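Data first, discussion second: the structure below is written as structure tokens.
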There are 2 protein chains.
Amino acid sequence: MKNKPLILVTNDDGINAPGIRALVKIMNTIGDVVVVAPNSPQSGMGHAITLDATLYVEQVFVNEGPQTEYSCSGTPADCVKLAIREKLDRRPDICVSGINHGSNASINVIYSGTMSAAIEAGIEGIPSIGFSLLDYTWTANFDACDDYVKTITENVLKHGLPNGIVLNVNIPNISKEEIKGIKICRQARANWVEKFDKRINPQGKDYYWLSGKFVNLDGGEDTDEWALEHGYISVVPSQFDLTAHHFIEKLNSWDLNKSVQIK
Amino acid sequence: MKNKPLILVTNDDGINAPGIRALVKIMNTIGDVVVVAPNSPQSGMGHAITLDATLYVEQVFVNEGPQTEYSCSGTPADCVKLAIREKLDRRPDICVSGINHGSNASINVIYSGTMSAAIEAGIEGIPSIGFSLLDYTWTANFDACDDYVKTITENVLKHGLPNGIVLNVNIPNISKEEIKGIKICRQARANWVEKFDKRINPQGKDYYWLSGKFVNLDGGEDTDEWALEHGYISVVPSQFDLTAHHFIEKLNSWDLNKSVQIK
């Protein structure tokens, strides 16, 4: 009998979030599940790692199931590092992160703790997927997407992923009947136009809350934003080689060495 | 007379770090400088943003010079957002981040607060550069690189940068005489092999310190790591469209929609 795959599960909303509970339930139908996830919400942590503080990790029981679970005081990237180096008996066959409460499509991938965990596993050469549902609420309903999450995970286990590529999967917040299917996409060009809410504290000092409005700058029908708006689950193959290879030749033409004025 | 360029300066080592002091000094010779930088070190913060806490920003005097300076309680990405939305009278002509104490070459770009600030400005469409010196110490000597930092900045002001591209500049820790020049590079494939230093706290609970060894997996002579090892300043054009465009066709061939088993 073939051994079951070892699946590392993590997230950025914290180990008690409904999203990771849904993901654990799905992964238990595929393989042996070990959860190493933050003990508190870490949204917007980007690819932060803990350098100047200590890390705690302890085995916990969250809910019924065959999975083993560890709660960690660090960031999502810390969780993956600790899992691989300290908590797993062998290399996981796959790492899945999420299901995030809220979108990690388009530019959100840059700020995403969910995707940073997936990328961290990708850097280690482990096939890896970040899953997100476009519902920010704690009462988000993850039932509609379970078959899709399972299928995408099983396909990554079957085909593998090339070194340097992880999948960024986003799921529209609609019913199972309304989901039109899966669409392979590119990351839409978008940004957040921040509005800082300026207030005065009881001591008379100004302070700000960061808030903002998401702006899609990209009309392309091959983008994740288009897919999500039109009822598809978006899958973007994402890489952590940030090199803009196409711009190297142009940069060379600037002839920077010629223009340096050494004193 | 042509107006002087408006230069936004930030970093991740904190507003008092010698590296940003050196950068401010260089930028004062090019344009009008406004500093908005973290009030404390933020290394390893990746692209974190502050969503669940308040942000303070106050004008400060750090040292002599014509620059205006603000100290901010947030992350490097927060600093850039606050600068653009709240503190600058007009859009900056360029954003420079650093000079970081320590390398942001190869995979370090992913964890880098210095580069996250540059990328944040890039998302806003502002030409942007992250500078880093390969010396982690607070007594790092930034004298060797001032002409190069100035030249690269002036060239970006002159030529601009395409939307979606920022420059990641790393400087070897050698004397001015030893620096061989500037080399346009791609990001080397590399990772950190972590070693978690496990200790026991006075209450008998295990905790960890994250430490690790950098491993360059890439022998290419066109990489930033090669350039730095051979006495060059590396310049990598870096992008925040993470899409692995070359893998989209292959992913489509998996035919994911066919294999979904809808209950």
Antiparallel DSSP beta bridges within chain A, as percent of all bridges there, nearest 5:
45
Which of A:245, A:226, A:204, positive extreme of dipole for the stretch A:166-263 (C-beta unit charges):
A:204
Once the label point is placed 7 Å from Cα along Cβ, list for residue B:203 the distances to the corresponding points in the other copies, in nm, shortest first.
2.8
Report the chymotrypsin sites (Phe, Trp or Tyr not before Pro) located in the stretch B:1-86 that are in a DSSP loop and have at most 13 other Cβ atoms inside 10 Å of their Cβ, or state none.
B:61
Using only the Cα atoms of the stretch A:1-160, build the gyration tensor, take square roots of its eigenvalues as a ≥ b ≥ c, and label the shape rounded, prolate or oblate: rounded if a/c is under 1.5, else prolate if a/b is larger than b/c, else oblate.
rounded
Taking A:133-140, B:253-260, B:197-204 and ranking on average Cβ neighbours within 10 Å, highest first, one gets A:133-140, B:253-260, B:197-204
What number, rounded to the nearest 500 deg cm²/dmol, is the helix-based mean residue ellipticity at 222 nm of chain B, given -39500 (n - 2.57) per DSSP H run of at least four residues and division by all its residues?
-6500 deg cm²/dmol
Leaving out ligands, DNA and RNA, and with a 1.4 Å probe, what % of the accessible surface on the stretch A:182-259 is carbon or sulfur?
50
Taking N as the number of residues in the protein assembly as shown, what value does Rg over Cα atoms divided by 2.2 N^0.38 Å take?
0.96
Quick one: helix A:113-123 against the long Cα principal axis of chain A, what's the angle to the nearest 10°, folded into 0 to 90?
90
Set of lysines with alpha-carbon distance to residue B:250 below 18 Å, sequence-local pairs under 8 removed
A:158, A:183, B:258
Filtered GluC sites (Glu not before Pro), the stretch B:155-263: DSSP coil and at most 16 other beta carbons within 10 Å
B:177, B:178, B:221
How many angstrom lie between the Cα centre of the stretch A:221-242 and the Cα centre of the stretch A:58-119?
22
Helix B:18-28 sits off the longest principal axis of the Cα atoms of chain B, rounded to the nearest 10 on a 0 to 90 degree scale, by 60
How far, in nm to one decimal, is residue B:60 from itself in the other copies if the label point is set 7 angstrom along Cα toward Cβ? Shortest first, please.
3.5
Taking every eigenvalue of the Cα gyration tensor of the stretch B:1-77, multiplying by 5 and rooting it, what semi-axes result, largest first, whole Å?
23, 13, 12
Return the value, in Å² to the nearest 100, of accessible area buried between chains A and B (probe 1.4 Å, both sides summed).
8000
Counting all C-alpha pairs of the stretch A:103-237, share separated by more than 28 Å (%):
25
Partner aspartates and glutamates for residue A:25 [C-alpha distance under 12 Å; skip if fewer than 8 residues away on the same chain]:
A:64, A:143, A:146, A:147
Quick one: if the Förster radius is 51 Å, what FRET efficiency do residue B:51 and residue A:257 give, using the C-beta to C-beta distance and rounding to 0.05?
0.75
In order over the stretch B:129-142: 3J(HN,Hα) from phi, Karplus 6.51/-1.76/1.60, θ = phi - 60°, whole Hz, x for each Gly or Pro, gives 9, x, 10, 9, 10, 6, 9, 6, 7, 6, 9, 3, 9, 9
Volume per residue, Å³, of the convex hull around the alpha-carbon atoms of the stretch A:97-157?
78
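The values are calculated or read from the model by the stated rules, or taken from the named source; none is laboratory data. Keep in mind that what you see is a predicted model, and the values were worked out from it rather than measured. All Cβ positions, glycine included, derive from the backbone under ideal geometry; neighbour counts span all protein chains shown. Heads up: the accessible areas ignore ligands, DNA and RNA and are worked out on the full protein's heavy atoms, side chains in. Shrake-Rupley method; radii C 1.70, N 1.55, O 1.52, S 1.80 Å.
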